[in-house]
Amino acid sequence: MIRAVVPGPVVERLVCRPRLPLVAGLDAGRPAVHVWETPGLRQVGSVGADSPAYADDRAGGTPAVAWHPHEPSLMVALPGRVVRWTAAGASDVDGVAPAYSGLAFSPDGRELWASPSGTGSAILDVPSGVVSSGPWWDTGIAPHPAGGLVATVHSEQGATHVLFALVDGRGPMRVLRKALILAADSYAPPIFSRDGRYLAIRGNAYENSLDVFAFPSLELVLKTTLGQPYPGYPPPADWLEKASAWSRHNIAFANQSGVLWVGTRTGPLVELDLANRTWVTHDPLPGCRVTALAATAAGDLVVATAAGELALVATPDRPAADAASRDLVTAFVDSTEEVGDGEHVVTDGDRTWTPEDLATVTTAEDDDPMWLRHRAAINKVIRR
């Protein structure tokens, strides 16, 4: 099952290059990014490797990264600078210098999207160097594998939205009205399955939630908590220690139909069959806590551990996922519209709320989401 294992720094996030055998790893100890080539996991470069170690408060932030969709180059946002890495070396990118928490390329690779920037995002036209303004997004952008659509996260403390936007080359991202709504904040970037039929997201600020939605219906397929649920405020110290041992970047869709992989805080990988609600555990590196997990373009898993190891793991034989169909994106787009200046129609995968619903709701049950209870309480006061 293991194809290669190499020593290295402890990595807290892995980002594989689409269509090419390259993987970037965010150093857990300092604002640095390292690049390996698969299948041998040969390290081929680093950006910020000589940076000072993180302070306890992570002042300056964690680097953001984005692979170019067609070229073997990586953009890295470090505190106060953006760096372009290629096999020939690294160089600073002119015109973009703020501290960005998210980077992404447009599908054609012509534009680099960076967030936050003022009240929105920045759009760098890579050939010309001209910078313009774009819509607000944060946390990362997940392209649908069929193309033409992306999902991104707009985080708020009370409720977080997963927004969907058209990216068809006709100007900046055009946000659509239909959106997911999640409790709390601090979610990781969403990921689509290889066939485009599932969307998974890890979070949040209070517990190690895992939510999986069907696409394009946005029906909730799986909702669970990794480890113990949030016990309430203030949480006991032992719960905090256990919760922090779970990586926020520990899920991946490999090239298997309907299978989500989850890395655990004790070491094993969980192979989760979403359609049949069954799972199998694998322990390729016994006793090593998983700090990051990703899937390569070839469908293997890259696993980073707290022992400072990076492993390339072959997935068991299963039916391969079909290529993502453009019909999925078309069905979603046909079910909604561009949002313009209006509000979103939101769903949590079980129920849907229109802007009118949210403006008029004044009652909520104890088992309703906290964001809905807050909205009802605010509306009740306003209507008095």
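The values are calculated or read from the model by the stated rules, or taken from the named source; none is laboratory data. Here the structure is a predicted model, which means the values were calculated and not measured. Here the Cβ is made from the backbone with ideal geometry for all residues, glycine too, and neighbour counts use every protein chain on show. What goes into the accessible areas is simple: the full protein's heavy atoms, side chains included, and nothing from ligands, DNA or RNA. Shrake-Rupley method; radii C 1.70, N 1.55, O 1.52, S 1.80 Å.
Dipole of the range 240-303 (Lys/Arg Cβ +1, Asp/Glu Cβ -1, origin at the Cα centre): which of Val290, Trp279, Gly258 lies farthest to the positive side? Of Val290, Trp279, Gly258, it is Val290.
Taking only protein heavy atoms into account and a 1.4 Å probe, give the accessible area per residue of the chain in Å². Walk me through the intermediate numbers first.
Numbers: 17390 Å² over 384 residues.
Normalised by residue count, the accessible surface of the chain is 45 Å².
In the chain, taking the dipole from charged Cβ atoms about the Cα centre, the farthest positive-side position among Gly8, Ser217, His249 is held by Gly8.
Sorting Thr347, Thr360 on solvent-accessible area from highest to lowest, probe radius 1.4 Å, gives Thr360, Thr347. Here the Debye sum runs over all C-alpha atoms of the range 285-384 as equal scatterers in vacuum, and log10 of I(q)/I(0) at q = 0.12 Å⁻¹ comes out as -0.78.
Counting 0.36 nm for each residue step from Ser186 to Arg58 and taking away their Cα separation leaves a gain of 44.6 nm. Accessible surface ranking for Lys178, Lys242, 1.4 angstrom probe, highest first: Lys242, Lys178. Here the simple spin-label model places points 7 Å from the Cα toward Cβ, and for His282 and Ala320 these points are separated by 1.7 nm. From helices alone, the chain scores -2500 deg cm²/dmol at 222 nm; the rule is -39500 (n - 2.57) for each run of n ≥ 4 DSSP H residues, then divide by the residue total.
So for the chain: antiparallel DSSP bridges make up what percent, rounded to the nearest 5? Walk me through the numbers on the way to the answer.
Values: 99 of 102 bridges.
Here the antiparallel bridges make up roughly 95 percent for the chain.
If you average the alpha carbon positions of the range 316-330 and of the range 245-260, how far apart do those two centres end up, in angstrom? Value for the Cα centre distance between the two parts: 16 Å.
State to the nearest 20 debye the size of the charge dipole of the range 243-384 about its Cα centre, where the only charges are +1 on K and R beta carbons and -1 on D and E beta carbons. Could the numbers behind the result be given before it?
Working: 12 positive and 21 negative charges, 126 e Å.
About 600 debye.
Leu182 exposes around 10 Å² of accessible area when a 1.4 Å probe is run over every protein chain in place. Here the chain is treated with +1 on each Lys and Arg Cβ and -1 on each Asp and Glu Cβ, and its dipole about the Cα centre works out to around 320 debye.
Dipole check for the range 91-220: with +1 at the C-beta of Lys and Arg, -1 at the C-beta of Asp and Glu, and the Cα centre as origin, the magnitude is about 380 Debye.
If the cut-off is 29 Å between C-alpha atoms, which lysines fall inside it for Lys242, apart from same-chain ones fewer than 8 positions away? Partners found: Lys223. Relative contact order for the chain: 15 percent, from Cα pairs under 8 Å spaced at least 6 residues apart, divided by residue count.
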